[in-house]
Structures are given as C-alpha cells and as structure tokens.
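Working notes, structure below.
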C-alpha cells in the first residue's frame, strides 16, 4: 500500500502526516508513506485544497484534516 | 444575561467599584470574552457545515468559462462559502485558471474569500452590531467584484508564471460527505480554529478593555476622526502586516472607535487586515509575476481606501 500526503508544508499537512503514522501504528498495517510537497505533483491529482490524503493513487480526502480513526477506516 | 453575569462577577464577587476604571475594564473584558467565544463556537460550527457542501472543486466547475461581470459577482459570493486557507492559494489558483476560470474572476474569488470570512464577521457582529457586519460584507463583496473586473480588463494573463499554463491538472471526483461526516468535520474545524485564535481574542479583548477603561474619550478624534484625510490610507498601510489576526485586531479597533476613530477608517483598516497580507503575497508570487502581484495589491488597496472615505462621508 502506498500513502501520499499532499500539501505545501503548512501545519495541517504535518498533522495529517502524524495522524496517518498513528493510524498505521494502531491498525498494525504497513505502508509506504510519502510527503508530496511540489505543486505539479499535487496538481496531477486535481487537488485544490490541501492537505489531501491519497491511498494507492486515489484521493481519499482533501481540504481537511482526517482524524486517526477516519484514516484507520480508509486503510 | 451575560452582562449581569459579568457585573455580578466583577462588582459583587471580586468587589470592584462600579464606575471605577479597573472595575469597568475588567467588566468589559469578561463580558466581551464570553460573548465572543460563545458566538465563535456556534457560528464557526454552522459555517463549517455549510462550507462542507461547497468544496473548491465544485466552485471551480461553477465558475469555469463564466463571462466577466456575472462571473465576478458569482466568484465573490462563492468566496464566502468556499473554505479557503492561504496555504492552499497556489493549488487553488492553478486549478481555477487551468479549468478556464477567467483571471479577473479568479481574483474576485481570491479577494472575497479571505476578506469576507466568518471570524471577522462574528467579531464585527458581536462587538459592532449586525449593521456594521452587513456593511462590511456588502463593501467587501463590492471591493472583490470591482477589483476582479478591473484586473480582468487589464488583460494581464502574460504576468501569470509561465509554468501555470503548462500544468497538467488531474480530475478528481468530488468527494461527497455524508451528513454525519459533515458534522464531524465541522466539529474538528471549529475546535482547530478556536485553538488557533483564542490567544489573539483574549489579548485583543484585553487590550480593548484597557483602552475602554483608561484611554480618555475622543482621544483619537483629532487624528483618526472623519476630518483627517490621511487617516484612511494610514489605517490601510497599518493593516497589511497584521494579517490573520482579525480575531485580535477587531476588539482593539472597537475600543479605538469609542475613542473617536471614524467608522470608514475602521472598516478600511479591517479590510486591509483580512484581504492584504505579506505572507499571502509571498505565496502568490509562486504563480504571479511581479507586475500582476503589484497590480493586485494596488487595486485592492485603492478600492479599500475608497470604501473608507465613502463611509466616513456618509455615516
């Protein structure tokens, strides 16, 4: 599984990254987690508001901070 | 009811004398803080629920290939309900222009969205009353519409950074949230925002209370009153560096108005605080070349100054 965190480095993006790591830890699943910070790559997903969470190439949520529980449900 | 609670706390429990400077300042501080936090919690929550139905992807689709005038008006109105954070300004801008939203229409959105924001409106409503809040919304929309039309007329497309036009923008389906998810989102959003702005509110109301209690009345009337023609531009210039602190600035301005600052000057100052900021300029320089960035700031600042003079003259 590949998880991408899209965002230009604002506070919310960092929190989303932390939440994702926590969700992985609590669910015992493993995944490759990458931070995507450059604009062209973010735009490729058509995301217009950051932070966004992408799992295996699919945008799961954008423009808001997903909670640990919500991310666990998406994994 | 809140007022009698604050009075009881300050004059009965703490035992300060009504009418004394310290008593009045503390009374003012407690009353305003409670009122503003109540308003903030309830209204930010409601606004967040409404906003979750207007993701920027949907707004973009509605504005795509819209003509000027109608497009500018729609963009300014959608700016109120579409969630916006200056950290997303770049992907938002690229998404808009790539999908065929005209440049001037994009600017109407970019101006209205931060300016007509819920925190500023709640603070204005709570401290100045609903009339001033409505005047702020109306003139904010007008500034956004007019400035967007002017930027559109200037045909400045070549001053958008070249890479923007070459960008490949993917198409993501709009993720629809269930009502339960919307409520959860609104709760998170409200808590997150309150956590971020509460120190500014407390410090702002505190300073406002101090001014209310200790600064003599009509202290400012001479140099920030309606007769000083320089007051409006100076207020706009001072507002630019105070970005993102609308929550802290409004209570201070409210107290300054009591001491003689004219209403048009107050409105112009507020608009400069919310609409123009150095950090946002730096973020936008990723997509705008200098002439367009300078034009954008110049036109918005001019429009705000005109609004200031107008309300100083008629109110």
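The values are calculated or read from the model by the stated rules, or taken from the named source; none is laboratory data. Not measured: the values here are computed from a predicted model. Cβ: placed from backbone, ideal geometry, glycine included. Neighbour counts: every protein chain shown.
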Residue set B:210, B:230; condition in contact (Cβ under 8 Å) with a residue 60 or more places away in the chain and either under 18 Å from residue B:312 (Cα atoms) or touching a helix residue (DSSP H, G or I) at 6+ places or on another chain (Cβ under 8 Å) (or both); output residue B:210
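Condition check ((1) in a loop (DSSP other than H, G, I, E, B); (2) in contact with a helix residue (DSSP H, G or I) (Cβ under 8 Å, 6 or more places away or on another chain); (3) touching a residue at least 24 places away in the same chain (Cβ under 8 Å); (4) at the interface with another protein chain (Cβ under 9 Å from one of its Cβ atoms)) across all residues:
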site: A:14; (1), (2), (3), (4): no, no, no, no
site: A:18; (1), (2), (3), (4): no, no, no, no
site: A:21; (1), (2), (3), (4): no, no, no, no
site: A:30; (1), (2), (3), (4): yes, yes, yes, no
site: A:33; (1), (2), (3), (4): no, yes, yes, no
site: A:46; (1), (2), (3), (4): yes, yes, no, yes
site: A:60; (1), (2), (3), (4): no, yes, no, yes
Matching residues in region B:80-91 (surrounded by 24 or more Cβ atoms within 10 Å (Cβ to Cβ) and in contact with a helix residue (DSSP H, G or I) (Cβ under 6 Å, 6 or more places away or on another chain)) number 2
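Residue-by-condition table, conditions (1) more than 12 Å from the chain's Cα centre (by Cα); (2) buried (at least 24 other Cβ atoms within 10 Å of the Cβ); (3) assigned to a helix (DSSP H, G or I):
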residue: B:100; (1), (2), (3): yes, no, no
residue: B:107; (1), (2), (3): yes, yes, yes
residue: B:112; (1), (2), (3): no, yes, yes
residue: B:123; (1), (2), (3): no, yes, yes
residue: B:127; (1), (2), (3): yes, no, yes
residue: B:132; (1), (2), (3): yes, no, yes
residue: B:135; (1), (2), (3): yes, no, yes
residue: B:141; (1), (2), (3): no, no, yes
residue: B:147; (1), (2), (3): yes, yes, yes
Across (1) under 19 Å from the mean Cα position of the chain (by Cα); (2) farther than 23 Å from residue B:125 by Cβ, residue B:219 clears everything bar (1)
- Would you say residue B:195 is within 14 Å of chain A (Cβ to nearest Cβ), at pLDDT 85 or above and assigned to a helix (DSSP H, G or I)? yes
Restricted to region B:140-166 and to residues being farther than 26 Å from residue B:275 by Cβ and at the interface with chain A (Cβ under 10 Å from one of its Cβ atoms), the residue modelled with the lowest pLDDT is B:166
